[in-house]
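The structure appears right after this line, and notes come after that.
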């Protein structure tokens, strides 16, 4: 019985180290409905999972994406997503553009940590992102961090897809709290414009004691158990 008690104590300390996923509520960010705007398709709604990564899409019949072209403005538009996530190691997005273009760096992603951590990526069509529908200029990507998750064939001229992107943050975010994710769109009417559907944060597991430390703690627990007996 004493041996079993020691084994259980050490096992309880060691645990299993797996990354944690947190879906981000974008209901306060969405400003348009995909089915209404794009006019076709049974697009993903509600909770979904792709490659074991959970995502939370908007509800059917409601605003379910952030449209950078919503107000038909020219020049820069941006969206700020407030967060509070510790030990963030990756950010997963489901994002496309309404139109495609080969003009580089029209989209900037910025990540801000409470303690001063900062990371930026500039995205270009043909690389990290592409237009959501066939025939709107660009329909391919080259980045190994972009993966198709949804495809829908309506007819030869009407096809839709959604892509998942994976952004790896610097190690400084592992000891910081991610507080803001900002997307800046430098396109315009007929020129790219972001369509953001979902965001999921992937956090590193909490630090686990090393085997030597766990063994020492286990011996301490056993000694305490003996004294109490």
Only listed residue being farther than 16 Å from residue 184 by Cα, surrounded by fewer than 22 Cβ atoms within 10 Å (Cβ to Cβ) and without any contact (Cβ under 8 Å) to a residue 24 or more places away in the chain, chosen from 84, 52: 52
What number of residues within region 34-62 are over 19 Å from the mean Cα position of the chain (by Cα) and under 26 Å from residue 108 (Cβ atoms)? 3
If we scan region 66-73, do we find a residue that is in contact with a helix residue (DSSP H, G or I) (Cβ under 8 Å, 6 or more places away or on another chain), crowded, with 18+ Cβ neighbours inside 10 Å and at pLDDT 90 or above? yes
Can you say whether residue 139 is under 20 Å from the mean Cα position of the chain (by Cα) and either surrounded by fewer than 19 Cβ atoms within 10 Å (Cβ to Cβ) or under 22 Å from residue 188 (Cβ atoms) (or both), as far as the supplied structure shows? no
Could you please find all residues in region 176-191 being part of a loop (DSSP other than H, G, I, E, B) and under 12 Å from residue 76 (Cα atoms)? 186, 187, 189
Test: residue in region 164-184 that is surrounded by fewer than 20 Cβ atoms within 10 Å (Cβ to Cβ) and farther than 30 Å from residue 86 by Cβ: no
Counting only residues that are modelled with pLDDT of 50 or more and on the phi > 0 side of the Ramachandran plot, how many does region 1-40 have? 1
Would you say residue 157 is farther than 15 Å from residue 68 by Cα, free of Cβ contacts under 8 Å to residues at least 24 places away in the same chain and over 21 Å from the mean Cα position of the chain (by Cα)? yes
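The values are calculated or read from the model by the stated rules, or taken from the named source; none is laboratory data. No experiment lies behind these values; they were computed from the predicted model shown. FYI the Cβ positions are ideal-geometry reconstructions off the backbone, even for glycines, and counts take in every protein chain you see.
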